[in-house]
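Okay, so here's the structure we're looking at.
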Amino acid sequence: MTAQAAESRELAAVIGLEVHVQLETETKIFCGCSTEPTEEPNTHTCPVCLGLPGALPVVNEGAVEAAVKIGKAIDADIPAETTFHRKNYYYPDLPKNFQVTQYDAPICQDGELEFAVESERRAIDIRRAHLEEDPGSIKHVRDGTGPLESRTCSIDRADYTLIDYNRAGTPLMEIVTEPDFRDPSEVRAFLEKLEEVLEYLGVFDATRDGSLRIDANLSMVDADEVGDDGHIDGDVLEDANRTEVKNISSHKGAEQALAFEASRQRKLIQSGRAVEQETRHFNETHGNTVSMRSKEEEKDYRYFREADIPPLRVSSWKDEIAIPELPDARRERFVAEYGLSEEAASKLTSTKQVADFFEDVAEQFDADLAATWVADNLLGELNYRDMEITDVADRFDEVTRLVELVDDDEITAKNARETVLRDMLDEGDDPDTVVEREGLGKTSGDEVQQAVAEAIDENPDAVEDYHSGEGGALNFLVGQVMQKTGGSADPGEVNGMLREALEE
């Protein structure tokens, strides 16, 4: 192919994911060691997860139950029997020199996950999802003084490497998609939806470091090889060299890494050069990918059956494992049951904890009032402070008391939002204490009437403007009354009283 022809080729990205999800269990997948994070290295270990001779694994029931829940959530086939294999490759954080995983009989097969990209619905086929054990963790360190964290660095700059086996044996679910993604933005939207579903299932903790890691495979093919349905013939993919970007740690990072890699490959192909089939690392600091090693093939892992773990049979048990209402279904119910807008329902189902909190508030108040206070006021203030709904879960009674003060017309919504709620979050005070201390009890009756009269007397120009038809004049006068009453009057009531007084 001539350089001119190569440069004019229209190319399309073909992307597939391998998503490694740490399952939220109390103990590791094949032993009784705790999975609770600790800063003390190599303390949550035993002969099994250290791979010592003669130590035998026992499968964690909780990990299997979590895997079945994931399978049901992605509408996958869950076979009656599944088996474990040994995947042989050497890394210093794999003390056995092999990883116990699943090969040709995974616990979940042929699933699907729907998600939205810019309001467009997409569905990605999931080839398989299987159980395996996590390796340990590695830190590359420079010589010197100071805290260890300040001396960690990339492998090429390190003087030595430290290994912590606390993570070794933590249960993982590896979710492998078909190469159905065509754009990095789709990858980000898919990962956000997947994490949302996992959180609703209660099998995953997004706050734990390294709880979700992504390996992404990307190839570039001629755009006319992509069918109208977005699928690509397997022979085309077989001929296209692909790169694998390893250990991406975030949704945003996946989008950035793949955007860079697609651009890099496109430039190589259009300049007439070949794309090397290799494994690459995403450098988050610089936003680029760098070569790590040549890409392994399946034969390099020398899979064989794990003789110490018999076949796992879940045929009857899987029917007893129930999954909760998932985010899409809950979103639809909120619209139908509470009469909420799509936007409000989406905010209120962003996490299971938020949805539960809203429904608890909605049991006591009108749904619209509950939605306004949870979706707009409370979540807005929490987001501003980089807090989560879980940070106020133990103050539910205080939050509902604040809503009650507004609902009973004892304080204005403005004061409740801008003074009481903010004080509650910043200072930890309860709403009644703030209302009493700041004198926020709603002013009404004669006091408001007097403030209205004073505002009219003191601002003749605004009165004249009002009578001349200038709409902003009334808002100015409302502001004057609110200022005189310390913001404790009801703005709607003030508006009406001013109109009445000005028409006399």
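The values are calculated or read from the model by the stated rules, or taken from the named source; none is laboratory data. Values in this document were obtained by computation on a predicted structure and should not be read as measured data. Cβ sites come from the backbone with ideal geometry, for glycine too, and all protein chains shown count toward neighbours. These accessible areas exclude ligands, DNA and RNA; they are computed on the full protein's heavy atoms, side chains included. Shrake-Rupley method; radii C 1.70, N 1.55, O 1.52, S 1.80 Å.
Which one of Ser271, Ser263, Ser249 is surrounded by fewer than 18 Cβ atoms within 10 Å (Cβ to Cβ), under 13 Å from Ile214 (Cβ atoms) and not aromatic (Phe, Trp, Tyr)?
Exactly one of Ser271, Ser263, Ser249 is surrounded by fewer than 18 Cβ atoms within 10 Å (Cβ to Cβ), under 13 Å from Ile214 (Cβ atoms) and not aromatic (Phe, Trp, Tyr), namely Ser249.
Which one is nearest to Ser249 (Cα to Cα), of the residues in the stretch 285-307 that are of a type in the set (D, E, K, R) and surrounded by fewer than 14 Cβ atoms within 10 Å (Cβ to Cβ)?
Going through the qualifying residues, I end up with Arg293.
Please list, ordered by first then second residue, the pairs with beta carbon atoms under 9 Å, 6 or more apart or interchain, first in the stretch 392-407 and surrounded by 18 or more Cβ atoms within 10 Å (Cβ to Cβ), second among the β-branched types (Val, Ile, Thr) and not in a helix (DSSP H, G or I).
Taking only residues 6 or more apart or on different chains, the pairs are Leu402/Ile411; Leu405/Ile411; Val406/Thr412.
Considering only residues that are in contact with a helix residue (DSSP H, G or I) (Cβ under 9 Å, 6 or more places away or on another chain) and under 22 Å from Ala80 (Cα atoms), look in the stretch 319-340 and name the one that is least open to solvent (accessible area, probe 1.4 Å).
So the residue we want is Ile321.
Of the residues Thr38, Thr25, which is open to solvent by less than 30 Å² (accessible area, probe 1.4 Å) and assigned to a loop (DSSP other than H, G, I, E, B)?
When all the criteria are applied, what remains is Thr25.
Given (1) of a type outside the set (Asp, Glu); (2) out of contact with any Gly (no Cβ under 8 Å at 6 or more places or on another chain); (3) in a loop (DSSP other than H, G, I, E, B), where does Pro95 come up short, assuming only one miss?
(2) is the only condition that Pro95 fails.
Spot the failing condition for Val187; the list is (1) surrounded by fewer than 16 Cβ atoms within 10 Å (Cβ to Cβ); (2) farther than 30 Å from Cys31 by Cβ; (3) not small (Gly, Ala, Ser), and only one is missed.
All conditions are met except number (1).
Return the residue satisfying two criteria in turn: it lies in the stretch 379-429 and is hydrophobic (A, V, I, L, M, F, W, C) and more than 21 Å from Ala355 (Cβ to Cβ), and of such residues it is nearest to the chain's Cα centre (by Cα).
Met424
Given the structure, is Ala129 surrounded by 19 or more Cβ atoms within 10 Å (Cβ to Cβ), touching a residue at least 24 places away in the same chain (Cβ under 8 Å), assigned to a loop (DSSP other than H, G, I, E, B) and of a type outside the set (Lys, Arg)?
No.
If I ask for residues that are farther than 18 Å from Val48 by Cα and either in a loop (DSSP other than H, G, I, E, B) or among the aromatic types (Phe, Trp, Tyr) (or both), which ones from the stretch 61-88 would you list?
If the condition is that a residue be farther than 18 Å from Val48 by Cα and either in a loop (DSSP other than H, G, I, E, B) or among the aromatic types (Phe, Trp, Tyr) (or both), then Ile74, Asp75, Ala76, Ile78, Pro79, Ala80, Thr83 are the ones that fit.
Being in a strand (DSSP E or B) and touching a strand residue (DSSP E or B) at 6+ places or on another chain (Cβ under 8 Å), is that true of even one residue in the stretch 177-200?
yes
Just a yes or no: is a residue in the stretch 466-480 assigned to a loop (DSSP other than H, G, I, E, B), closer than 27 Å to Val420 by Cα, at pLDDT 70 or above and open to solvent by 30 Å² or more (accessible area, probe 1.4 Å)?
Checked against the condition, which is being assigned to a loop (DSSP other than H, G, I, E, B), closer than 27 Å to Val420 by Cα, at pLDDT 70 or above and open to solvent by 30 Å² or more (accessible area, probe 1.4 Å), the stretch 466-480 yields no hits at all.
Is it the case that some residue within the stretch 113-123 is in contact with a His (Cβ under 6 Å, 6 or more places away or on another chain), over 20 Å from Asp308 (Cα atoms) and among the polar types (S, T, N, Q)?
no
Can you name every residue in the stretch 40-57 that is at positive phi and in contact with a Lys or Arg (Cβ under 8 Å, 6 or more places away or on another chain)?
Residue satisfying the conditions is Gly51 alone.
Checking the structure you have, find out if any residue of the stretch 369-382 is part of a loop (DSSP other than H, G, I, E, B) and not β-branched (Val, Ile, Thr).
No: zero hits.
Restricting the search to the stretch 366-386, which residues are touching a helix residue (DSSP H, G or I) at 6+ places or on another chain (Cβ under 7 Å) and more than 18 Å from Asn415 (Cβ to Cβ)?
Selection gives Ala367, Ala370, Ala371, Val374, Ala375, Leu379, Leu382, Arg385.
Per-residue answers, yes or no, for (1) farther than 14 Å from Ala63 by Cβ; (2) modelled with pLDDT of 95 or more:
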residue: Glu7; (1), (2): yes, no
residue: Glu10; (1), (2): yes, no
residue: Val14; (1), (2): yes, no
residue: Leu17; (1), (2): yes, yes
residue: Gln22; (1), (2): no, yes
residue: Lys28; (1), (2): no, yes
residue: Cys46; (1), (2): yes, yes
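Pairs needed: first member in the stretch 203-218, closer than 16 Å to Ile70 by Cβ; second member anywhere, among the polar types (S, T, N, Q) and surrounded by 18 or more Cβ atoms within 10 Å (Cβ to Cβ); C-beta distance under 8 Å; at least 6 residues apart or different chains.
Phe204/Gln22; Phe204/Ser211; Asp205/Gln22; Asp205/Ser211; Ser211/Gln22; Leu212/Gln22
What are the residues in the stretch 427-441 that are touching a residue at least 24 places away in the same chain (Cβ under 8 Å) and under 14 Å from Val392 (Cβ atoms), if any?
Listed by number, the residues that qualify are Asp430, Pro431.
Can you name every residue in the stretch 102-138 that is closer than 24 Å to Asp209 by Cβ and either in contact with a Lys or Arg (Cβ under 9 Å, 6 or more places away or on another chain) or at pLDDT 95 or above (or both)?
Scanning the stretch 102-138 gives Ala129, His130, Leu131, Glu132, Glu133, Asp134, Pro135, Gly136, Ser137.
Mind counting the residues in the stretch 201-219 that are touching a Leu at 6+ places or on another chain (Cβ under 8 Å), open to solvent by 10 Å² or more (accessible area, probe 1.4 Å) and part of a loop (DSSP other than H, G, I, E, B)?
2
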